[in-house]
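Working notes, beginning with the structure itself.
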Amino acid sequence: MGALTAAASWFFLLHMLPSTPLRPRAVAIAGEGAYTAIFSIISLIAIYWLWTQFNAAPYGDKLWLVPDWWRWAQAALILFSFILMFGGLPPPNPSVPGGAEVLRNPRVADGIFAITRHPVMWGVAIWAITHMISQATWRGFAFFGAFAATALIGSWLQQNRKRDTVPGWADFAAKTSFWPFLAILEGRAKFSLSALGWWRIAIAVVAWAAILHFHSWLFGAHPLPISA
């Protein structure tokens, strides 16, 4: 577990870098393109290290029993996480590098951003947290916890940095919320399926169904209860 903990810690700390003042300093030295390329390569190495240590770590005892109904609830939550991720990944997304230009669009807060201003990161967090619950082991905590902590803490720090450095971010933040659905409940945002785009939802559903179908073959674990 020591190697897995080290890999998870490195993954987390590495991905905190873009949310700190170190990022603009690195960009000033290397340039935006070089920084993005180098950071992407190091990130891939970190993911590979984390994945290999997760596979090599002993499974360990279950900390609690996972009821069958949770598997169905997890599948539904994963579908929601896919909609968030596929809704936020294609441009326009003001949270990605170079996304500041998107803030000039007066309707940038519509669609998926009405749910949360960090749809991709919340999608990753929901995926990770549900898997932590299903794993119910320290091995699962280390692996999936690294993704959950990176997504939520990283996006929280990122929005604080952007608030002080990116023109237009304050207006965008006023129309959206960090926590999913909070801006809608408070009346600051209005969700529109047409603004989100049906094609994004369709891609998310197809991807979700494919992974659900091939999950046991890809990852060696059945996502849904197996009938006796």
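Among the listed residues ARG139, ARG163, identify the single one that is of a type in the set (D, E, K, R) and either in the same structural domain as PRO18 (by TED's automatic domain parsing) or without any contact (Cβ under 8 Å) to a residue 24 or more places away in the chain (or both). First the steps, then the outcome.
Values: ARG139 fails: either in the same structural domain as PRO18 (by TED's automatic domain parsing) or without any contact (Cβ under 8 Å) to a residue 24 or more places away in the chain (or both).
None of the other options fit; the residue is ARG163.
If I ask for residues that are aliphatic (A, V, I, L, M) and surrounded by fewer than 22 Cβ atoms within 10 Å (Cβ to Cβ), which ones from the range 129-147 would you list?
Within the range 129-147, the first condition is being aliphatic (A, V, I, L, M), and the residues that meet it are 129, 132-133, 136, 142, 146.
ILE129, MET132, ILE133, ALA136 - these are the residues of the range 129-147 that are aliphatic (A, V, I, L, M) and surrounded by fewer than 22 Cβ atoms within 10 Å (Cβ to Cβ).
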Exercise. Does the range 132-141 contain any residue that is of a type in the set (S, T, N, Q) and part of a helix (DSSP H, G or I)?
Worked result: yes
For this session: Scan the range 72-118 residue by residue and report those that are at pLDDT 90 or above and within 17 Å of LEU157 (Cβ to Cβ).
Result: THR116, ARG117, HIS118
For this session: Restricting attention to the range 21-35, report how many residues are closer than 19 Å to ASN160 by Cβ and surrounded by 13 or more Cβ atoms within 10 Å (Cβ to Cβ).
Result: 4
For this session: Just one of (1) more than 19 Å from ALA76 (Cα to Cα); (2) not in a helix (DSSP H, G or I) trips up PRO180, so point out which.
Result: (1)
For this session: Provide a single number: the residues in the range 150-165 that are buried (at least 18 other Cβ atoms within 10 Å of the Cβ) and of a type outside the set (D, E, K, R).
Result: 7
Exercise. What are the residues in the range 51-68 that are surrounded by 16 or more Cβ atoms within 10 Å (Cβ to Cβ) and among the hydrophobic types (A, V, I, L, M, F, W, C), if any?
Worked result: PHE54, ALA57
Exercise. Failed condition for SER155, given (1) of a type in the set (Ser, Thr, Tyr); (2) under 16 Å from the mean Cα position of the chain (by Cα); (3) farther than 27 Å from PRO106 by Cβ, with all others met?
Worked result: (3)
For this session: Confirm whether ARG188 is exposed (fewer than 13 other Cβ atoms within 10 Å of the Cβ) and charged (D, E, K, R).
Result: no
Exercise. For the range 36-50, which residues satisfy the criterion of being within 24 Å of THR165 (Cα to Cα) and surrounded by 12 or more Cβ atoms within 10 Å (Cβ to Cβ)?
Worked result: THR36, ALA37, ILE38, PHE39
Exercise. What pairs can you find where one residue is in the range 171-182 and within 16 Å of VAL108 (Cα to Cα), the other is at pLDDT below 95 and basic (Lys, Arg), and their Cβ atoms are less than 6 Å apart, with a gap of 6+ or different chains?
Worked result: LYS175/ARG188; THR176/ARG117
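The values are calculated or read from the model by the stated rules, or taken from the named source; none is laboratory data. Everything numeric in this text was worked out from a predicted model, so none of it was measured. Note that we place each Cβ from the backbone using ideal geometry, even for glycine, and neighbour counts take in every protein chain shown.
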